[in-house]
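K.L.:
Starting off with a structure, shown below.
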Amino acid sequence: MLIQIIQENTEAAFLSTLEAYDKKARHCGVLLCRFSLASVRVTDHRLLPLLKDTLSDIDGQLYFCSDGDVAVVWRGRFKEIMEAIISVVSNAFPQLLDGHAKEEIFRFYDSKVNGEDLRLLFRERLNKVTAASPQAKIETQLASRKVLAPAKEAQFSNEQLWMLHKTIPLRRFKKMPDILIVDDQAFSLKLLMGLLEDQYPCHTARTGAEAIAAYAEYAPCIALLDVELPDISGHALAALFKKYDPDSFIVMVTGNNYVSDVVAANTNKVQGFVVKPFNKQKIFSRVEAYLERRNT
Amino acid sequence: MTDPVDLTNLHEMTDNDKVLEEALFQEFFIAADETIKTLEANCVEDANEPWRSAAHALKGVAYNLGAIALGDLCKKAQDGYAAGIAEKRELLQAIQAAYTESKLFLENVHH
């Protein structure tokens, strides 16, 4: 398996990858999808694990772009792969990939093309979309946008996993539930600490990496996770914590109430989704929900 | 004329702890100064994501503080991350003005 995640890139590098692939194999493919409709936006963080699973045996590269777009370049016959990717994304985010997008992708790539053809088609498509679509303003940016640095993977190290396995059983001996607060904004951390720390022991983290380390160290009873962190998505953290600690009690605390965030939270089966601005009642109701669960 | 910041929710969350509130105001100033600099730097072509991300960060802080007008502007900036430069500049100016007004208000709250 070789899926290279490009840290920082531009369209030029994207196109040169196409060329390089074309030299190595007869078939190459590229999928450039808009996974966004209206105000709904899917970020790379949520698509990453899905696409990685789907592409597990493909010698391919993933590019994460602004506007929730994903570009996947791979070597090999592309139609089957494309169908698999679209099927996975459609199933996971049914509201995000409309029929038109699918049709366009298939029409565009359902033929054998070489690197140069792809480059021309890519340009042609952009021009066509720019001229015809009401979304032209956004689409135009496909031509010159920078590809974003992808999120780090949410993973426990072996040491952290070992520590977590030791700390989870100790949770039931905690007299008061402890709370891990994860937010990159000092303001939000201070506010939540001020609200909770008189009654409950609190731990804080400002990045995904810090959150993972703190989670392994304390196995907190409750984790309040911001969604947009600088290194790892809060949803990816939630998925990780749920995977290794199914009894975890996770509450997403976010300024975003996009449908895609709610969908991701539901997928991860978290115990709460609190939208900023939050108030005392909203936060304490989640803590009370935890206490209720613990007592039953 | 209504105040640029409605502190009702904040007072409830801090139990009227003036020291904590002052500390939160300072964090707000730091976050807003930093965000506005980031927005200024990214009010250019090909910088949609840093623009969106900065607007998002200040939006959450502003809303939780009670600076709703500022929060709404940040939300507009976040949702309109793909807007043109002229539109972004206009939004940035509005954000700066709303922030200045909020800051002035907060500097006099406990005095």
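Derivation of every value follows stated rules applied to the coordinates shown; laboratory data play no part. What you see is a predicted model, and the numbers here were worked out from it, not measured in a lab. Using ideal geometry, Cβ is built from the backbone for each residue, glycine included, and neighbour counts are taken over all protein chains shown.
K.L.:
Any idea what the relative contact order of chain B is, in percent, if you count C-alpha pairs under 8 Å spaced at least 6 apart? All intermediate terms of the calculation are to be shown ahead of the outcome.
P.N.:
Details: 113 pairs, mean separation 36.3, N = 111.
Once divided by the residue count of chain B, the mean separation gives 33 percent.
K.L.:
In the structure displayed, which of A:242/A:282; A:175/A:242; B:18/B:59; A:190/B:75 lie more than 26 Å apart, Cα to Cα? All intermediate terms of the calculation are to be shown ahead of the outcome.
P.N.:
Numbers: A:242/A:282 22 Å; A:175/A:242 23 Å; B:18/B:59 23 Å; A:190/B:75 22 Å.
Distance filter (> 26 Å) returns an empty set.
K.L.:
How crowded by other chains is A:225-236, given as the mean number of beta carbons from other chains within 10 Å of each beta carbon?
P.N.:
Values: counts 0, 2, 2, 5, 0, 2, 0, 0, 0, 0, 0, 0.
That works out to 1 on average.
K.L.:
Need one number: nm distance between label points at residue A:275 and residue B:89, each 7 Å from Cα along Cα→Cβ, rounded to one decimal.
P.N.:
3.4 nm
K.L.:
Under a Cβ-Cβ cut-off of 15 Å, what is the net charge of the residues other than residue A:177 that fall near it, where Lys and Arg count +1 and Asp and Glu count -1? Let's see the in-between values first.
P.N.:
Details: positive: A:171, A:172, A:174, A:175, A:286, A:293, A:294; negative: A:178, A:197, A:198, A:245, A:247, A:288, A:292.
So the surrounding residues net to 0.
K.L.:
Would you calculate the separation in nanometres between label points at residue A:157 and residue B:44, each defined as 7 Å from the Cα along the Cα-to-beta-carbon direction?
P.N.:
In this crude label model, residue A:157 to residue B:44 measures out at 3.7 nm.
K.L.:
Taking the Cβ of each residue in A:278, B:105 as the centre, tally the other Cβ atoms inside 10 Å and list the residues starting with the fewest. Please report the intermediate quantities before stating the final value.
P.N.:
Values: A:278 24, B:105 15.
Lowest to highest Cβ neighbour count: B:105, A:278.
K.L.:
Across peptide B:58-71, what mean number of C-beta atoms from other chains lies inside 10 Å of a residue's C-beta?
P.N.:
On the way: counts 3, 4, 16, 9, 4, 5, 11, 3, 1, 1, 1, 0, 0, 3.
Going residue by residue through B:58-71 and averaging, the value is 4.
K.L.:
Then there is this: Can I get the semi-axes of chain B's equivalent ellipsoid? Compute them from the C-alpha gyration tensor as square roots of 5 times the eigenvalues, in angstrom, largest first.
P.N.:
27, 12, 11
K.L.:
When Cβ neighbours within 10 Å are restricted to other protein chains, what is their mean count per residue of peptide A:177-189? List each step's numbers first, then the result.
P.N.:
Numbers: counts 0, 0, 0, 0, 0, 0, 2, 2, 10, 8, 17, 7, 1.
Per residue, the average neighbour count from other chains is 4.
K.L.:
Right, something else. How large are Rg and Dmax for segment A:158-295 when only the alpha carbon atoms are used, in Å?
P.N.:
Radius of gyration, then largest Cα-Cα span, for segment A:158-295: 13.7, 38 Å.
K.L.:
Hey, rough spin-label estimate for residue A:247 and residue B:6, points 7 angstrom out along Cα→Cβ, what's it come to in nanometres?
P.N.:
For the pair residue A:247/residue B:6, the computed spacing is 4.2 nm.
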